[in-house]
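Comments concern the structure below.
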Amino acid sequence: MHNKYIVFLFLLLTLACNTEPQIESATTAALFTEKNSTASGLSFSNNLNPTSELNILEYLYYYNGGGVAVGDINSDGLEDVMLTANQGQDKLFLNQGDLKFTDITNQSGIKTNSDWSSGVSMDDVNGDGLLDIYVCKVAPISGEATHNELYINNGDATFTESAGQYGLDFSGYSTQASFFDYDRDGDLDMYLLNHSVHSVRSYGKISKRNELDELSGDRLYENRLNEAEAKFVDVSAEAGIYSSALGYGLCVITADINNDGWTDIYVGNDFHENDYVYLNNQGQSFKESMPGVLNHCSKFTMGVDITDMNNDGLQDIFTTDMLPYDEVVALKSGGEDTDQVFKIRSTFGFEDQYARNHLQLQMPDHQFSDIALMTNTYATDWSWSVLLQDFDNDTRNDIFITNGIVKRPNDLDYIKFVNTQNAGANERLTQAQLDAFLSKMPAQKLKNILFTQDDDLSFSELTNSTIGSPTFSNGAAYADFDKDGDLDLIVNNINAEATLLANSTKGNNYVSISLINANTAQTSKDAIVKVYTGELIKTQQYVTTRGYQSSSSHNLHFGLGDMTTIDSVVVIWPDRTKEVFKGLALNQLHEIKKGADTKPYVFSPQQAVAGSLEQLQIRHIENKFDDYNADKLIPELLSREGPAVVYEDFDQDGQKDLFFGGARYQEPRLFLRKAGEFVEQKGNLDFKKDAKYEDVDAAVIDFDKDGDLDLYVVSGGNDEKELNKQLEDRIYLNDGKGNLKRLPLSLPHTNGSSIAVADFDGDGFEDIFIGARSIPSSYGLSPYSFLLKNKGGFGVDIALKERLGLLTDSKWADIDGDQDIDLVFCGDWMNIGVLVNQGDGTFQLQSDELGLGQSAGLWNTIYLEDLNQDGQLDIIAGNAGANFKWKASPEKPVKLYVMDMDENGQTEPLIFYPYFSTYLPFTSMDELVSQVPSVRKQFVTYDAFSSVQDIKDFQQIKAESIVERKQIKELRSMVYLSENGKYEGKPLPFNAQLSTIQEFSINDEGNLLFVGNYHDYLTELGKNTANSGGMYKDFNAATGTFENYQQLPLPANLNTRGILPMGKDEYLISVNNDTQYILRMPK
Amino acid sequence: MKNKVIIFTLLLVSLFGCKTEKVNPNYQEDALQPEYIHRSMKSLTDVIVHDIFSPPVASRNYVYPSVAAYQVLIHQYPNYQSLEGQLDGLAGLPKPEKDKAYCYGLASVHAFLQTSKNFIFSEQKLIAFQDELLEAFKEIGIPQEVFDRSLAYGEAMSEAIVKWSSTDNYKETRSFPKYDVREDPERWTPTPPDYMDGIEPHWNTIRTLVLDSARQFVPLPPTAFSLEKDSRFYQETMEVYNAVSEAEPEHVEIAKFWDCNPFVSHVEGHIMFATKKISPGGHWMGITQIATKKANADFMETTAAYTLVAISLFDAFISCWDEKYRSNLTRPETVINQYVNQDWLPLLQTPPFPEHTSGHSVISAASSVALTNLFGDNFAFVDSTEVEYGLPARTFDSFYDAADEAAISRLYGGIHFRPAIEYGVDQGKKVGQYITENIKLKK
């Protein structure tokens, strides 16, 4: 009721506004105008009529739609269009200019059968200078003689089907072909993407990739038209291409992914098979390198495009998936696997995958970092095509996505309640049952999406980015059909006319380039073009098959914004010679023919990252405990802290030694440094006995004030109940020679996290602060943290025992400049706080007073340094980062409530996080119901649950039963600069937001180093892996920002925990459940 | 639509037709039609199927409503006695007021349905049935005062039973840790296609009703895991493998007949759909209905039979689950796919919990002991329970005959090794015998 009223008001307002002349805003909707077929002549509709023989149950990809191919087939300078149909006829349209098209299918020689067509491409397959057409077919569900079709251009806008003659008459489950010259011999080879249709009932092992599947396995064909065979030859096996039934290939692109001059292959696979990144080994073969190149990929990959998104000369990758952005659809749909299944899948050998779009940004070391979460491009619902081009000519590439699904089979109510029939198990359903199923499966028409890149890697908000009318859209292609200087789009829809989106961008400059090889029989595809203008270098590769089942323009289009001249255009020809063209005019299409003035082009090897890395033979081994089994509703695992490392001189020989505390059941170890080498000290019986503790932090302390360094080790682990013996901290006393013996002293029994040692009361004995991480199996409740006063080296007194929060880090420092030390600490779901020393042995907790009152985050670490040189320490703080599924601000915080919903003595943490225009509960209905079955009383269906946005929506939760309320208002890593005794927050730059920051270090030169990533969020949030570590060389005090970034030479995907200085320019990189590293930076 | 018309008519009747109360002198007799409890039980079964409960939880959904119905009805049948003191923790149940008239038939089914609502989710479905049933009782012509008093008594009994049920540790076990998956080859791991978590790993901490503990009848352990070709375990594995690969048609029929999987998901690419069936416990409640009807059991005998079978099922599941998560044995599908044939599929979908012992074997044996105790051995019957789920009826010579077939069906289905069946039947018989020896229904 309330909403309706608002809508009505809004309508009134809109009406009122309409009387004013409308000013075209820069929103994406304004870019494109839909032209109907009456205006355009593009009369084509991919109509589907499910029959008893052929429907979604018989063929799982029944609703995957058709494609679009673009190219100038009659050499009139206008790009023409082919559209494919599944159950109807493919159609070929001649471009008449002015966005008008004529259907020439019947006279063109294109077959007018209704065999199931899928992807389509236009390329000069036989090197005669004319574009030919290759149409993929799903043969097994079509007529008997069906095979993929190759239409050779006769030169008069007619074609002759010649697939058999060319050896390309494959008959199977084909999706798409991509033509490229993988061996750089001047002719076009073909990658044929096919898809599996077998049931994904069980995962099976990845060794099945090596088993050939005649109908479903992918193929690589080498062009040997000019050799003895005089046809295309299947070279899949020798080239290292998997041709198995594991591949559910829905999209393919051939592009030079790793910038070495050889064109590689990216295959997007549906379901549990991960995507393939085939890196080209100098034209000899391919190596599937996904695990080495990507940290994770889309799970239900449906579309892919590759181009340089940030004008750094490196190719970036976008893949589409099916995560809904609408909260109702999101909660009603099956999506991410449970953590258990995620783990099981990886035991079968499959790589990490998440059911969301990925925007994989290529880093200087040629590793990719997914930034879809950071850029909010990760959820565009059931998505097919993605095209990365500069649609508004502002120099930044945009993202166009088609979406919609005729039958949404992952609707949970449908799966669990609607479609269930009382049929015999494992039996085929009767036709009547099938039909009944179809009628009940929900449909999802959606508006296509255009994310405009409005600033560097910053895209328009999803809510402002929908275009056109709701459709079931699949294949799409771009071209400047009306030659007005911007890219138009044609989209193939199911059960609706194809959409022509006319682009009416004005005001920005552009240049378009069409490439012709010197010898026209040689292809110019795979060439790379760089346009230099001012500071800007724009790069594109001549690749046409992109998106989904489609191929786009053969002209390379570059938006130039307000740039007024083109300095030069560099073409790196397919033979990898380079030619420079100058004096090209703006705002036109240039035909560039390869000339004689070419020079060899050297592809720079992957950019060397400064510094070196030594892998130590010291491994941290986590004990097998998955927190989510005990605490089902948590967002992160709290049992994955550690290792605990200390680098100090224990044996007083003038060389620092390394203490390494492991996870539960791993003995603590002391490595004494002898002649520069680490030699493990053997035979410490106390260490042996204490293997049962999980060491999460440690620090040296001269506890008994005898002049040597004793050791305090903080025990943790989320697997034992609070006060359990196995959570007790320990002090080891040093005999002066580095022999550490445990002091029989009762110390805190908590899941600890952090230690900070200092003599806070000035009695000459060092005191200890112990921060605690959690109350095991009661996520969200604050455990006690302790300040332990050293009683003259004989014992400790509890000076302070407070529930400060879920602490992760603590540091002693004189924060207020009053000559006594205060304690700064941080943690999860809490502000950065300071226990201000009152000088009389008491402390006052401050946060808001210091300007830190809105800083509640998922903090991991703090580093104190006077960056702005005002005499007061500033705080650099590492958070979950901006590349995270949760978003938080003081206005829209992430909220946590803890209560015992069913009064069974066990608390439930319920989390609600902002999700596009509303809030989503973090837990799924299934997980919540498994812990609190009575919830199902209120939410009998998933549909009912899909309206839940807040704790108030649960009838059984009374406000007074909520025992804890916490929030997160900031997820970015920040620097808090002092300003007259108060702190002013400023987010760290882009690269420091890519991943969760674990620890900082500042060296003598003032360089800020950090290590990041965190693998131990639940699958719903995903492993955080986009940056293992980096360094900012400078701090700009005037702007308060860190500048001059470079990567650290760390392995990608490292689950780091800390960076500990070991000397000048030398650091210990501690890693959870992995080997440890020493990082050496250049002097 | 049709129902609405009926209800509307009934409303009209109750609004206008009943101005002057017509009392049926035989209302007591007319209210004691066993059909009422049969229909109520069926209605509960339907909701259990719809809402999807795992087999052990379903057994809990049956037992408390049955006991509620029983505890009301004994006041009509003085030769039956209360289960107070016989079932763990059951005491202090409300008693009818002396010298006041009750319609115990009405009160009994009302107690049953009121109690049922607490154990299922889709209350609306039960309420719709309850409304219909109450109208039917009104039609009988029970004096209004008796009618109201009976409902009140039914509700009081329901409340007491629900309160008793709340101390059985069910609620607490919801928060207990999930089953911990490890990579040991002999240890159970989740199975395709859903790779669901292990169901109810702490069911052995649920309060037993008659057994003195979940561990009272520990069966023989499974055969030691081994991949040696001549080992007993390997041979048992191949027996399952061959039972499916070279299945006889009759064995396929038997396996399917006893599938009783509450939720089977079918996966064909993006397309998922599920088929639902009664749980194995539900199947035996169905057999109880068939047996009581065939024996012409009266309301009390019928209710007593349901109650005894429900109690047997409940304790049998606890006993079985205790062993399942003690031995934590892997399923044939996992072993065969890993070491014998990656593409082998069992005939039935492997249920999501450890293999040993077979739930069907234990609970069928226990139920058959209870039913034999009530109706005698060699009680032949036609089991048509699964007809509405698309499976033809099967004929059995006795309850033991049916239980034995239910047990071996799991081997035919490719989801159990032989020891799980044989030791399971033995375990179930012991549970059943102990219950029949320790529960006295009649004075």
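A residue that is within 28 Å of the chain's Cα centre (by Cα) and of a type in the set (S, T, Y) cannot be found anywhere in the range A:642-657.
Would you confirm whether or not the range B:134-149 contains a residue that is touching a Pro at 6+ places or on another chain (Cβ under 7 Å), crowded, with 16+ Cβ neighbours inside 10 Å and either of a type in the set (K, R) or under 30 Å from B:L348 (Cα atoms) (or both)? For the range B:134-149, residues touching a Pro at 6+ places or on another chain (Cβ under 7 Å), crowded, with 16+ Cβ neighbours inside 10 Å and either of a type in the set (K, R) or under 30 Å from B:L348 (Cα atoms) (or both): absent.
Applying the condition of being aliphatic (A, V, I, L, M) and in contact with a Leu (Cβ under 7 Å, 6 or more places away or on another chain) to the range A:502-543 and asking which residue is surrounded by the fewest Cβ atoms within 10 Å (Cβ to Cβ) yields A:A502.
Determine whether the range B:106-117 contains at least one residue that is more than 14 Å from chain A (Cβ to nearest Cβ), part of a strand (DSSP E or B) and more than 30 Å from B:F225 (Cβ to Cβ). No, the conditions are met nowhere in the range B:106-117.
Evaluate the following for A:L94: is it more than 24 Å from A:N403 (Cα to Cα), outside any loop (DSSP other than H, G, I, E, B) and not basic (K, R)? Yes: the conditions hold for A:L94.
Taking the criterion of being among the polar types (S, T, N, Q), within 14 Å of chain A (Cβ to nearest Cβ) and farther than 15 Å from B:V162 by Cα, the residues of the range B:28-74 that qualify are B:T45, B:S54. Considering the range A:668-747, the qualifying strands (runs of 3 or more DSSP E), each wholly inside and each with 3 or more residues that are under 27 Å from A:R803 (Cβ atoms), run over A:694-701, A:710-716. Of the residues making up the range B:141-193, those that are within 14 Å of chain A (Cβ to nearest Cβ), over 30 Å from B:T330 (Cα atoms) and touching a residue at least 12 places away in the same chain (Cβ under 8 Å) number 3. Residues in the range B:348-381 that are of a type in the set (A, V, I, L, M) and crowded, with 20+ Cβ neighbours inside 10 Å: B:L348, B:V362, B:I363, B:A365, B:A366, B:V369, B:A370, B:L371, B:L374. Looking across the range A:274-291 at every residue that is of a type in the set (S, T, Y) and under 23 Å from the mean Cα position of the chain (by Cα), the one that is surrounded by the fewest Cβ atoms within 10 Å (Cβ to Cβ) is identified as A:S289. Contact annotation: residue pairs with Cβ atoms under 7 Å, 6 or more positions apart or on different chains, pairing a residue in the range A:224-251 that is away from chain B (no Cβ under 14 Å) with a partner that is part of a loop (DSSP other than H, G, I, E, B) and aromatic (F, W, Y), are A:C251/A:Y548. Comparison of A:E984, A:E891 shows that the only residue that is within 30 Å of A:V1011 (Cα to Cα) and part of a strand (DSSP E or B) is A:E984. The numbered conditions (1) over 16 Å from A:I265 (Cβ atoms); (2) part of a loop (DSSP other than H, G, I, E, B) are all true for A:Q165 except (2). Looking across the range A:388-436, the residues that are at the interface with chain B (Cβ under 10 Å from one of its Cβ atoms) and modelled with pLDDT of 75 or more come down to A:I405, A:K407, A:R408, A:P409, A:N410, A:D411, A:L412, A:Y414, A:I415, A:K416, A:F417. The residue list A:R209, A:R219 contains one member that is touching a Ser or Thr at 6+ places or on another chain (Cβ under 6 Å), farther than 23 Å from A:D526 by Cα and either within 14 Å of chain B (Cβ to nearest Cβ) or touching a residue at least 40 places away in the same chain (Cβ under 8 Å) (or both), which is A:R209.
Annotation: of all residues in the range B:118-131 being part of a helix (DSSP H, G or I) and in contact with a Lys or Arg (Cβ under 9 Å, 6 or more places away or on another chain), the one that is nearest to B:K98 (Cα to Cα) is B:Q130.
When A:G155 is tested against (1) free of Cβ contacts under 8 Å to residues at least 40 places away in the same chain; (2) in contact with a strand residue (DSSP E or B) (Cβ under 8 Å, 6 or more places away or on another chain); (3) within 29 Å of A:G77 (Cα to Cα), only condition (2) is not met. Hey, among the residues in the range A:29-84 that are among the small types (G, A, S) and either assigned to a strand (DSSP E or B) or closer than 23 Å to A:R408 by Cβ (or both), which one's nearest to the other protein chains (Cβ to nearest Cβ)? In this case the residue turns out to be A:G65. Given the criteria within 14 Å of chain B (Cβ to nearest Cβ), within 24 Å of A:M302 (Cα to Cα) and in a loop (DSSP other than H, G, I, E, B), does A:G204 qualify? So A:G204 fits the description; yes.
Of all the listed residues (A:D820, A:D902, A:D828), the sole one being closer than 29 Å to A:V757 by Cβ and assigned to a loop (DSSP other than H, G, I, E, B) is A:D820.
Any residue in the range A:902-923 that is of a type in the set (A, V, I, L, M) and surrounded by fewer than 17 Cβ atoms within 10 Å (Cβ to Cβ)? Scanning the range A:902-923, I find no residue that is of a type in the set (A, V, I, L, M) and surrounded by fewer than 17 Cβ atoms within 10 Å (Cβ to Cβ), so the answer is no. Residues that are small (G, A, S) and either within 14 Å of another protein chain (Cβ to nearest Cβ) or in a helix (DSSP H, G or I) (or both) within the range B:339-382 comprise B:G359, B:S361, B:S364, B:A365, B:A366, B:S367, B:S368, B:A370, listed in sequence order. Being over 30 Å from A:A518 (Cα atoms), within 14 Å of chain B (Cβ to nearest Cβ) and without any contact (Cβ under 8 Å) to a residue 40 or more places away in the chain is a property that does not hold for A:K674. Is it true that A:D486 is under 30 Å from A:T564 (Cβ atoms) and within 25 Å of the chain's Cα centre (by Cα)? Considered against the rule, which asks whether it is under 30 Å from A:T564 (Cβ atoms) and within 25 Å of the chain's Cα centre (by Cα), A:D486 comes out as no. Screening B:G281 with (1) under 22 Å from B:V49 (Cβ atoms); (2) in contact with a His (Cβ under 7 Å, 6 or more places away or on another chain); (3) more than 14 Å from chain A (Cβ to nearest Cβ); (4) not hydrophobic (A, V, I, L, M, F, W, C) gives one miss only, at (2).
The values are calculated or read from the model by the stated rules, or taken from the named source; none is laboratory data. Please read all numbers here as calculations on a predicted model, not as lab measurements. FYI the Cβ positions are ideal-geometry reconstructions off the backbone, even for glycines, and counts take in every protein chain you see.
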